[in-house]
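Remarks on the structure that follows.
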Amino acid sequence: MRPIENFEFPEEKQALFKRAKRLEVITVLYIASAATALYITMGSSQAMRASFFEDVISVIPAIVFLICSRIALWPPNRNFPYGYHGAVSIGYLISSVALVGMGLFLIIESASKFLSGERTTIGGMHIFGETIWAGWPMLAAIAYTGIPSVILGHMKLKLAPKIHDKILYADAKMMKADWMAESATAIGVLGAGFGYWWIDPLAAGIIAIDILKDGVSNLGVVIADLMERRPKKTDRSGYETLPEDLRRKIEGLDWVKEAEVRLRESGHIVLGEVYVVPSRTDNLPERVASAIDDAKGMNWRLHDVTISVVPRLDDDASPAPDGQS
């Protein structure tokens with residue numbers, strides 16, 4: 001089987017892709033430092049512990065993006081004739097499962113601490129010969145963890161749809177929403193400081209639920225992608241119009257009577273088939289080859305298209321209307 005052509009981002013997208021990789025490298029280094037700050041200061045606080053684990057798990061999408069985006073650009077070969085673009089979906093799946101697992105673990109742990117009545121106490125800490133309330137370093141670590149995360153998340157959220165990378169988008173959404181988890185952590189620390197010990201495990205549970213929610217949401221998207229659902233927008237706002245656009249373009253050719261299109265995503269790219277009922281059959285091989293080139297020129301993501309000439313279209317094979325897919 002002849003492999004498809006090797007994929008490279010178009011020139012205008014290469015700079016965006018490199019910027020995304022730089023942001024993820026920065027993210028890995030930053031989260032490593034933030035997790036260290038949380039670990040050093042967390043003491044016996046359940047909320048701080050949950051926030052620490054959230055930071056540890058939140059580095060996975062960034063690492064997965066850096067690894068899988070490199071694998072996805074490996075050239076196709078006879079064993080993998082469609083290339084390695086599926087690595088992006090596999091990476092997305094790994095990130096989602098990790099989030100779900102950590103969310104469930106922290107929910108169980110927080111519930112057990114709450115039900116057992118184990119009280120969180122925040123005492124003093126000796127710094128440079130002075131004794132201060134240990135909650136102040138905790139709150140400083142929380143601020144260091146939360147504020148840059150929101151900024152990095154906002155930057156990646158604008159970038160992800162431009163290169164159609166769902167790992168980057170999921171990572172961005174998690175980081176942008178990190179202020180909620182850090183706010184819950186701060187409330188847990190302050191509650192424990194004022195003697196309301198139950199606020200600390202409650203805050204930890206809220207953080208765990210947020211982690212689980214992100215994981216379940218992302219898991220649903222990646223499972224649908226692996227089931228080869230029609231292409232959907234990276235920001236999850238709806239389906240891509242590419243199938244309809246391609247069908248109209250093909251039906252606009254003077255030798256085509258009607259056409260049907262099936263497209264599927266594979267990482268950054270889209271692959272698919274077009275079934276054509278011709279109104280003319282002269283010079284058909286040349287006409288089909290020209291139509292394939294025109295189709296692939298429509299959109300940089302439309303990387304490989306097969307056109308099959310058929311005597312008629314099966315109405316039962318038509319895609320379901322939006323909302324029924």
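The values are calculated or read from the model by the stated rules, or taken from the named source; none is laboratory data. Small disclaimer: the values here were computed from a predicted structure and weren't measured. A quick note on method: Cβ atoms are made from the backbone with ideal geometry, for glycine too, and the neighbour counts reach across all protein chains shown. With ligands, DNA and RNA removed, areas are computed over all heavy atoms of the protein, side chains included. Shrake-Rupley method; radii C 1.70, N 1.55, O 1.52, S 1.80 Å.
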With an 8 Å Cα cut-off and a minimum separation of 6 or more residues, compute the relative contact order for the chain in percent.
19 percent
Nearest 10 degrees is fine. How inclined is helix 178-193 to the longest principal axis of the chain, computing both from alpha carbons?
10 degrees
Helix axis angle, 11-41 relative to the chain longest principal axis, alpha carbon, degrees
20 degrees
If amide hydrogens are placed 1.01 Å from N in the peptide plane, which non-local residues have theirs closer than 5 Å to the one on Asp304?
Val270, Gly272
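Just want to confirm a number: the relative contact order over region 1-95, from Cα pairs under 8 angstrom separated by 6+ residues, in percent.
Working: 88 pairs, mean separation 36.2, N = 95.
That works out to 38 percent.
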Quick one: angle between helix 199-226 and the longest Cα principal axis of the chain, in degrees between 0 and 90, rounded to 10, please.
10 degrees
Return the FRET efficiency for the residue pair Arg78, Lys296: r is the Cβ-Cβ distance, R0 is 25 Å, and the value is rounded to the nearest 0.05.
0.70
Once every DSSP H run of n ≥ 4 in the chain is given -39500 (n - 2.57) and the sum is divided by its residues, what mean residue ellipticity at 222 nm do you get, rounded to the nearest 500 deg cm²/dmol?
-21000 deg cm²/dmol
Heavy atoms of His154 accessible to a 1.4 Å probe, total area in Å² rounded to 10:
80 Å²
Say R0 is 22 Å: what FRET efficiency, to the nearest 0.05, do Trp133 and Trp198 get from their beta-carbon distance?
0.65
If you take the beta carbon distance between Glu8 and Ala111 as r and set R0 to 45 Å, what does 1/(1 + (r/R0)^6) give as a FRET efficiency, to the nearest 0.05?
0.35
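Extension gain Glu273-Trp179, at 0.36 nm per residue separation less the Cα-Cα distance, in nm? List each step's numbers first, then the result.
Working: separation 94, 0.36 × 94 = 33.84 nm, distance 4.41 nm.
That pair, Glu273 and Trp179, stretches by 29.4 nm at full extension.
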If packing is taken as the average number of other Cβ atoms within 10 Å across a peptide's residues, how do 84-94, 276-286, 138-148 rank, most packed first?
84-94, 138-148, 276-286
